[in-house]
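This report concerns only the one structure given below.
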Amino acid sequence: MRAVRIDEFGGPEVLVPVEVPDPVPGPGEVLVRVVAAGVNRADALLRSGRYHRAGRPPLIPGAEAAGIVAAVGEGVSEFSPGQRVVALDGGKSSGFYAEAATVPVDQVVALPDGIDLVQAAALPIAWLTAWYCLRELARVTKDDTVLVKAAASGVGTAAVQIAVEAGARVIALAGSPEKAAWVREFGPQVVVDTSAHPDEAEVEEVLRLTDGRGADVVLDTVGGASFGRSLREAGQGGRVVALANVALEPSTVDTRDFYPKNVSIHGFQLTNLQIQGYDPRPDLRELAERVAAGVYRVPVETVLPLERARAAHERLEQRGNRGKIVLSVAAE
């Protein structure tokens, strides 16, 4: 079958189209014929050798996909060939930049009518992350002001919509006038172009917009220096959720920026949460149903064929995308 493989760590150029043997599902596994695979920053970190749980090459990347059940392994009764499904890599899948992948049954969810497979492929990583961070960790309510950083990203657009549906007041930060204009489509009450408010000016603007109180919830999807600002942007009793470090730089923290305000800090990493026993299926099923019902919109900016995975990673690392990038592997 066709796949894209990493034979050595490096830049996007190490993503090489290859032919590999067809996978065979083992006990408790589902063989998924991949129609579309989501592209994530974790894939780029894996490719470069900087991902926290990277194995050694050769590796097939890809942490999320949607497709059709092709076969099931021994002991699997929940699925049958021909079903439309979405799948998540919790560290045990064979990688979704390929025509087929084997997935443990507890990482597969049947899809409802009304959601196409390209949309579905963009759900597991970004949407489960935003959903869990806002609903389970921050416990967002209609009385909260929620600050979403990098709001034009996959996680950002998901978080904005989830917080808006919860009735919260949402302040969305985006890195250019074009991204800021686009993010307004998802319903936040306030959008800030951070290119016009860099660094400490961002903190001042958030405090101005909250009458000096700060935000009740800060979703930090950036890391690095942004995390220190997030602590200053949080208000009394605020909750800061840190879920990434796309800046790939250390965060300098002054404890005086959070302990006097009784601010709670939560760290989040989806695959490690699964190691701790989290079952993603109920949340992923609910998200798919809400997308199918039109409650949420999954913005997919770019769809590229599997063989152009290199171009997909280049686009991702240029940070020019608005919403998700997806690889098209096969026709539904």
Taking region 230-249 and the residues there that are surrounded by fewer than 24 Cβ atoms within 10 Å (Cβ to Cβ) and among the polar types (S, T, N, Q), the one that is nearest to V148 (Cα to Cα) would be N245
Residue within region 253-260 that is over 29 Å from E64 (Cα atoms), buried (at least 16 other Cβ atoms within 10 Å of the Cβ), of a type in the set (D, E) and assigned by TED's automatic domain parsing to the domain that holds V192 present: yes
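With surrounded by 22 or more Cβ atoms within 10 Å (Cβ to Cβ) and of a type in the set (G, A, S) as the only criterion, which of G28, G38, G73 stands out? Can you show your working first?
Working: G28 fails: surrounded by 22 or more Cβ atoms within 10 Å (Cβ to Cβ); G73 fails: surrounded by 22 or more Cβ atoms within 10 Å (Cβ to Cβ).
When all the criteria are applied, what remains is G38.
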Enumerate the pairs (first residue in region 114-125 and within 17 Å of V32 (Cα to Cα); second residue anywhere and part of a helix (DSSP H, G or I) and of a type in the set (A, V, I, L, M, F, W, C)) with beta-carbon separation below 6 Å, excluding pairs fewer than 6 apart on the same chain, so at least 6 apart or on different chains. L123/L287
What tally of residues in region 295-332 results from selecting those that are without any contact (Cβ under 8 Å) to a residue 60 or more places away in the chain and surrounded by fewer than 16 Cβ atoms within 10 Å (Cβ to Cβ)? 3
Sole exception among (1) of a type outside the set (S, T, Y); (2) within 13 Å of the chain's Cα centre (by Cα); (3) under 15 Å from L31 (Cβ atoms) for W131, by number: (3)
Selected residue [closer than 23 Å to A201 by Cα and either among the β-branched types (V, I, T) or touching a Ser or Thr at 6+ places or on another chain (Cβ under 6 Å) (or both)] from V241, V295, V291: V241
Checking the condition under 21 Å from R310 (Cα atoms) and without any contact (Cβ under 8 Å) to a residue 60 or more places away in the chain, which residue from L46, L15 passes? L46
Within region 63-100, residues being closer than 19 Å to V20 by Cβ and at pLDDT below 95 number 6
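In region 1-46, what count of residues is obtained for those that are β-branched (V, I, T), part of a strand (DSSP E or B) and within 21 Å of E317 (Cα to Cα)? I'd like the intermediate steps shown before the answer.
Here is the first cut: in region 1-46, the ones β-branched (V, I, T) are 4, 6, 14, 16, 18, 20, 24, 30, 32, 34-35, 39.
Applying the additional criterion that residues be part of a strand (DSSP E or B) yields 4, 6, 16, 18, 30, 32, 34-35, 39.
Retained after the next criterion (residues that are within 21 Å of E317 (Cα to Cα)): 4, 6, 16, 39.
So the count comes out to 4.
Only one of A36, A71, A87, A3 is out of contact with any Ser or Thr (no Cβ under 8 Å at 6 or more places or on another chain) and within 30 Å of A293 (Cα to Cα). Can you tell me which?
Numbers: A36 fails: out of contact with any Ser or Thr (no Cβ under 8 Å at 6 or more places or on another chain); A87 fails: out of contact with any Ser or Thr (no Cβ under 8 Å at 6 or more places or on another chain); A3 fails: within 30 Å of A293 (Cα to Cα).
From the options A36, A71, A87, A3, the qualifying one is A71.
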Might you check whether a residue that is aliphatic (A, V, I, L, M), touching a residue at least 12 places away in the same chain (Cβ under 8 Å), over 15 Å from L287 (Cβ atoms) and assigned to a loop (DSSP other than H, G, I, E, B) occurs anywhere in region 62-75? yes
Residues of region 144-198 being closer than 21 Å to A122 by Cα and acidic (D, E), in sequence order, are E165, E185
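So is T141 among the hydroxyl-bearing types (S, T, Y) and touching a helix residue (DSSP H, G or I) at 6+ places or on another chain (Cβ under 6 Å) or not? Show your work before the answer.
On the way: among the hydroxyl-bearing types (S, T, Y): yes; touching a helix residue (DSSP H, G or I) at 6+ places or on another chain (Cβ under 6 Å): no.
When the stated conditions are applied, T141 does not pass them.
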Is it true that some residue in region 295-305 is aromatic (F, W, Y), closer than 19 Å to A36 by Cβ and at pLDDT 90 or above? yes
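The values are calculated or read from the model by the stated rules, or taken from the named source; none is laboratory data. Here the structure is a predicted model, which means the values were calculated and not measured. Glycine gets a Cβ as well: all are built from the backbone with ideal geometry, and neighbour counts include every protein chain shown.
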